[in-house]
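Single-structure report; data block below.
The values are calculated or read from the model by the stated rules, or taken from the named source; none is laboratory data. A quick note: this is a predicted structure, and the numbers were derived from the prediction, not measured. Cβ coordinates were reconstructed from backbone atoms using ideal geometry, including for glycine residues, and neighbour counts include every protein chain displayed.
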Amino acid sequence: MDSKSVVELLETSSEVHFSGFHLDGLEPRNSEVGQPTTSESESVYKQPFVIGVAGGAASGKTSVCDMIIEQLHDQRVVLVNQDSFYHNLTEEELERVHEYNFDHPDAFDTEKLLCTMDKLKHGQAVDIPNYDFKSYKNNVLPRRVNPSDVIILEGILLFHDPRVRDLMNMKIFVDTDADVRLARRIRRDTVEKGRDIGSVLDQYSKFVKPAFDDFILPTKKYADIIIPRGGDNHVAIDLIVQHIRTKLGQHDLCKIYPNLYVIHSTFQIRGMHTLIRDAKTTKHDFVFYSDRLIRLVVEHGLGHLPFTEKQVITPTGSVYTGVDFCKRLCGVSVIRSGESMENALRACCKGIKIGKILIHREGDNGQQLIYEKLPKDISERHVLLLDPILGTGNSAVQAISLLIRKGVPESNIIFLNLISAPQGIHVVCKSFPRIKIVTSEIEIGLNDDFRVIPGMGEFGDRYFGTDDDEEQQVVAPL
């Protein structure tokens with residue numbers, strides 16, 4: 001197919017229609033009214049990956065943490081227990097220690113926990129208290145903890161205080177049956193602490209169970225992941241460790257490049273990725289779940305556009321202070337796979353102009369611009385560059401270079417894709433440090449044929465239902 005016939009085909013090509021769903025995502029507004037702002041980070045994110053593990057007493061939190069640490073053997077991991085931050089009991093409290101509720105939020109020195117975590121997250125070594133449950137004081141030598149790649153926070157009430165929750169990149173709730181937790185508690189307290197069963201049951205009914213119902217169970221809703229049966233659920237823990245490894249890879253790249261954004265991953269998003277990556281998934285399901293993910297990426301990308309504060313009058317006659325969207329905006333799709341993202345953009349931005357770029361792959365790395373049709377005033381617009389796959393980054397560099405030659409400021413370009421290989425991220429971010437990349441997942445890398453792995457195959461062929469013969473000769477994956 002020569003260049004002229006390709007151009008003629010593009011001029012007469014029909015649009016593809018698909019559905020998606022909406023996810024609001026406005027960035028915090030600038031305090032100065034009327035001043036455009038963006039969400040770009042001002043400094044590189046260099047903090048560790050923090051995993052919170054919460055749940056009732058004797059639910060199996062410690063076992064879950066130990067199994068995660070064991071499987072993350074190639075990472076520097078430290079464990080911080082909320083139990084280390086109990087308040088020292090006063091003489092009066094010691095006299096009535098059996099009436100003291102150790103499962104209440106007020107029993108913990110949360111301020112000290114926050115201070116300790118702040119130091120760890122900023123690369124400082126800390127001394128973690130060692131709480132003595134015989135004297136009910138921190139009267140033993142503290143434990144020295146050095147900064148690490150991963151911090152696991154464990155405790156019954158970790159999710160209760162929003163300030164502690166905000167520290168976490170991933171929140172896990174260990175959900176174990178109440179009868180099992182009680183049996184474990186009886187066995188632990190009678191064997192390890194020498195207590196009689198009567199006192200254990202009395203404490204359980206008076207403090208432990210009410211505190212669980214009032215303070216611990218309600219925090220289950222904040223969890224990203226819920227593990228039934230605790231450490232006995234080996235399958236769930238294996239899946240979680242795999243998920244953590246994926247997030248750690250994304251986290252490390254986001255430390256290096258402040259202009260790289262990975263949308264928050266949930267198991268719903270992970271499930272959609274599983275479906276579109278499965279070679280046995282039908283074309284109908286591939287398109288449906290791809291569309292859902294594309295819509296999420298587009299919505300997230302729009303959240304990085306500048307905006308101005310705006311006040312409106314509501315139907316009740318009240319004043320609502322909100323924001324006004326960026327008006328000078330357009331999309332540019334890299335043919336052919338990028339066209340799969342156009343309808344999601346149109347659904348979010350009514351009447352938006354969309355240009356097109358076709359890049360021909362020559363061999364493994366060579367790229368040749370075949371066709372471009374862009375809005376005449378593109379230099380005055382913010383541009384959303386659309387392509388589902390970022391592989392080697394060579395085609396992306398060609399497309400971005402063309403936009404810059406057309407007068408588009410580098411900082412006005414947001415590159416949207418579903419999956420990105422680390423190699424492509426390095427190439428694009430080093431070449432254009434002021435553009436933004438928004439993706440839904442970062443891959444392992446590239447194979448010997450420069451294809452993304454684990455990947456999802458030839459996206460355009462799977463999405464549009466075409467054979468990968470003639471089209472592969474013309475279209476290059478990003």
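At-a-glance table
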read-out	value
Residue in region 462-473 that is part of a loop (DSSP other than H, G, I, E, B), modelled with pLDDT under 85, of a type outside the set (S, T, N, Q) and within 28 Å of the chain's Cα centre (by Cα) present	no
When residues of region 236-277 are limited to those that are small (Gly, Ala, Ser) and either in contact (Cβ under 8 Å) with a residue 40 or more places away in the chain or not assigned by TED's automatic domain parsing to the domain that holds residue 77 (or both), the one surrounded by the fewest Cβ atoms within 10 Å (Cβ to Cβ)	271
Region 353-368, residues that are touching a helix residue (DSSP H, G or I) at 6+ places or on another chain (Cβ under 6 Å) and modelled with pLDDT of 65 or more	354, 357, 359, 367
Selection within region 402-413 - in contact with a helix residue (DSSP H, G or I) (Cβ under 7 Å, 6 or more places away or on another chain) and surrounded by fewer than 23 Cβ atoms within 10 Å (Cβ to Cβ)	404, 406, 407, 410, 413
Cβ pairs under 8 Å, 6+ apart, first in region 199-211 and at pLDDT 90 or above, second small (Gly, Ala, Ser) and outside any helix (DSSP H, G or I)	208/57
Residue check, residue 327 on the phi < 0 side of the Ramachandran plot, modelled with pLDDT of 85 or more and not polar (S, T, N, Q)	no
Filter pass, residue 328 being assigned by TED's automatic domain parsing to the domain that holds residue 460 and within 24 Å of residue 426 (Cα to Cα)	no
Region 278-291 residues that are in a loop (DSSP other than H, G, I, E, B), paired with ones that are among the charged types (D, E, K, R) and surrounded by 12 or more Cβ atoms within 10 Å (Cβ to Cβ) (beta carbon under 9 Å, 6 or more apart)	278/285; 281/462
Wholly within region 348-457, strands (runs of 3 or more DSSP E) carrying at least 1 residues that are over 20 Å from residue 335 (Cα atoms) and either within 25 Å of the chain's Cα centre (by Cα) or without any contact (Cβ under 8 Å) to a residue 40 or more places away in the chain (or both)	436-439
